[in-house]
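S.K.: One structure, pasted below without further comment.
The values are calculated or read from the model by the stated rules, or taken from the named source; none is laboratory data. Bear in mind that the values here come from a model prediction, so they are computed numbers and not experimental data. For neighbour counting, all protein chains shown are included, and Cβ atoms are generated from backbone atoms with ideal geometry for every residue, glycine included. With ligands, DNA and RNA removed, areas are computed over all heavy atoms of the protein, side chains included. Shrake-Rupley method; radii C 1.70, N 1.55, O 1.52, S 1.80 Å.
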Amino acid sequence: MQVTLTKSQVRALWLKAQGLSESSPFGQGAKATPKAIKHLGYVQIDTINVIERSHHHILYSRIPDYKRAHLHQAQSKDKSVFEYWTHALAYIHTDDFKYFLPAMKYRKAHPSSWFSNVKKEDVQKVMRLIKKDGAISIRDINDDVLVEKEHEWASRKPSKRAMQLAFNGGDLVISERLGMLKKYELTDRHFGWDKKPKAATAGEVLDYEIDRGLKSQAVITIDSIAHLEKVPRKKELLKKVEVRVKKGNLVSVVVEDNEKTQFWMEPEVYEAHASEHPEELVHILSPFDPLVIQRKRFHMFFDYDHRFEAYVPKEKRKYGYFALPVLIGDKAVAVLDLKTDRQNNELLIQQWSWLGKHKSSKNKKLIENELERFEKFQLEK
């Protein structure tokens, strides 16, 4: 079976799957945070704080009454989410921990060259400390023999990289964040496990990645469900997708004006597919938002090629240092370069760029109203 969709229909389906087509798709209060993370599959973490950091921003975009404390509660008290690697470091629902155990096992057996200087005794030291004293951060270790930095982001304390290595291997978990300061705890003790869950098989992990994409994207490609993955991995996923197509669990999709790209979706989603005209909500999105982070896909359906220009020389920037795409309904209408002036308690508009023919007094008013709400979120203590 093959179906045909317009770009507008795919946009509507994708926005609905992303929780951006209605105002409170995951409910309200603290419980909405793990629910949103579960649905999206993961929420990317980033350190840049020109405005509120990306993980909080992504959740705010989908949960109108979101508070930073909600994510802290989910991670450190309820333990319903944890941190690990997807295409970047991210928050993931604890229900999905088993799907990451094979990656943890692999990273433990095959650490990257970044950890080549980590000594076995460094890892043993931090594990002993944490076992004895409970969760610690790098600031709690005061007896390291300092070394020279090999990288701008590195630490002079060998124990920091030792904790990162143990985290990658699944022996430690980030139990709490205080700003961007991470506290590490023994994984089993943090979750109260006698032993870790049974690891998913290789096939189960592939199925998980497909299901994660279908839930959060509705209409998928191999590239969209395997963002930044290598070709062999994509080939494995393609085989799994083809099996689902043969069984009738997925249908092939042709998207108008993108006939050369192979898409798939679940037949029941097609039969009940979203309206072409979602509610005209206004979203000021993080450049790390799951809707935006896959730049080619975002460009394909929203006709806007987002540029992340924080590392681009000022004279070569088009939209600004930390440009944020703005959606009204299912259209990308503007790009705002914003900065939070925390000292003077105000949100600064560094640059406002209209896209296409979307400049209008109506759109300007809608964006200004959302900016008022966005500023309150930025300045919340």
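S.K.: Over the Cα atoms of segment 169-235, what radius of gyration and what Dmax do you get, in Å?
M.R.: Calculated on Cα positions, Rg and Dmax stand at 16.2, 40 Å.
S.K.: What size of dipole, in debye to the nearest 20, comes out for segment 225-381 about its Cα centre when the only charges are +1 on Lys and Arg C-beta atoms and -1 on Asp and Glu C-beta atoms?
M.R.: Using Cβ point charges on Lys, Arg, Asp and Glu, segment 225-381 gives about 760 debye.
S.K.: Still on this structure: Nearest 10 degrees is fine. How inclined is helix 120-133 to the longest principal axis of the chain, computing both from alpha carbons?
M.R.: 90
S.K.: Here's a follow-up. In Å², and per residue, what accessible area does segment 48-125 have when probed at 1.4 Å with the other protein chains present?
M.R.: Result: 46 Å² per residue.
S.K.: Related question: Among GLN217, GLN75, GLN294, which one shows the highest mean-square fluctuation when the chain is modelled as a Gaussian network with alpha-carbon springs under 10 Å?
M.R.: Evaluated over the chain, the most mobile residue of the options is GLN294.
S.K.: Charges at C-beta only: +1 for Lys and Arg, -1 for Asp and Glu. How large is the resulting dipole of the chain about its Cα centre, in Debye rounded to 20?
M.R.: 940
S.K.: Can you show me the helix-derived [θ] at 222 nm for the chain, built from DSSP H runs with n ≥ 4 at -39,500 (n - 2.57) apiece and divided by the number of residues, rounded to the nearest 500.
M.R.: Calculated mean residue ellipticity at 222 nm is -11000 deg cm²/dmol.
S.K.: Would you kindly work out the equivalent ellipsoid of the chain from its C-alpha gyration tensor and give its semi-axes, the square roots of five times the eigenvalues, largest first in whole Å?
M.R.: 35, 28, 19
S.K.: Under a 1.4 angstrom probe, counting protein chains only, how are TRP85, TRP14 ranked by accessible area, largest first?
M.R.: So, going from the largest accessible area down, we get TRP85, TRP14.
S.K.: Using square roots of five times the C-alpha gyration tensor eigenvalues, list the equivalent-ellipsoid semi-axes of segment 103-247 in whole Å, biggest first.
M.R.: Value: 36, 18, 14 Å, ordered largest first.
S.K.: Angle between the Cα long axis of helix 202-217 and the longest principal axis of the chain, 0 to 90 degrees, nearest 10?
M.R.: 40
S.K.: Round to a whole number: what % of the accessible area of segment 53-101 belongs to carbon and sulfur, probe 1.4 Å?
M.R.: Exposed carbon and sulfur together represent 47 percent of the surface.
S.K.: Could you state the per residue volume, in Å³, of the convex hull enclosing the Cα atoms of segment 269-381?
M.R.: 141
S.K.: Can you list the residues, at least 5 places off or on another chain, whose amide H is less than 5 Å from the amide H of ILE136, using H built in the peptide plane?
M.R.: TYR184
S.K.: Radius of gyration and Dmax for segment 78-136's Cα atoms, expressed in Å?
M.R.: 13.8, 36
S.K.: Placing +1 on the Cβ of each Lys and Arg and -1 on the Cβ of each Asp and Glu in the chain, which of GLY29, VAL126, VAL312 has its Cα farthest towards the positive end of the resulting dipole?
M.R.: Toward the positive end, the furthest listed residue is VAL126.
S.K.: Specify which residue in the list TYR208, VAL219, PRO197 is farthest towards the positive end of the charge dipole of segment 174-265, using unit charges on the beta carbon of Lys, Arg (+1) and Asp, Glu (-1), about the Cα centre.
M.R.: After comparing all options, I get PRO197.
S.K.: Compute the Rg to Rh ratio over segment 1-72 from the alpha carbon atoms, using the Kirkwood formula for Rh, and round to two decimal places.
M.R.: Result: Rg/Rh = 1.07.
S.K.: So what J values fall out for segment 365-379 if you push phi through Karplus, 6.51 cos²θ - 1.76 cosθ + 1.60 with θ = phi - 60°, rounded to Hz, Gly and Pro as x?
M.R.: The phi angles translate into 5, 4, 5, 4, 5, 5, 4, 4, 5, 5, 5, 4, 5, 4, 9 Hz.
S.K.: What does the highest-first list of 295-304, 224-233 look like by mean Cβ count within 10 Å?
M.R.: 295-304, 224-233
S.K.: Can you tell me the dipole magnitude for segment 164-223 around its Cα centre, using point charges on the Cβ only (Lys, Arg +1; Asp, Glu -1), in Debye to the nearest 20?
M.R.: Once rounded to the nearest 20, the dipole reads 260 debye.
S.K.: Accessible area, 1.4 Å probe, largest first: how do LYS240, LYS365, LYS331 sort?
M.R.: Result, largest first: LYS365, LYS331, LYS240.
S.K.: How large is ³J(HN,Hα) for each residue in segment 303-313, as worked out from phi by the Karplus curve 6.51 cos²θ - 1.76 cosθ + 1.60 (θ = phi - 60°), to whole Hz, x for Gly and Pro?
M.R.: 6, 9, 8, 5, 10, 9, 10, 4, 9, 9, x
S.K.: Once the piece of chain linking HIS227 and ASP95 is laid out straight, how much longer is it, given 0.36 nm per residue of separation minus the C-alpha distance between them?
M.R.: 45.4 nm
S.K.: Leaving ligands and nucleic acids out of the surface, order ILE138, ILE92 by accessible area at 1.4 Å, largest first.
M.R.: Most to least solvent-accessible, the answer reads ILE138, ILE92.
S.K.: Can I ask one more? Hey, which of these cross-link pairs are over 24 Å Cα-Cα: LYS119/LYS157; LYS105/LYS160; LYS296/LYS376?
M.R.: Result: LYS296/LYS376 exceed 24 Å.
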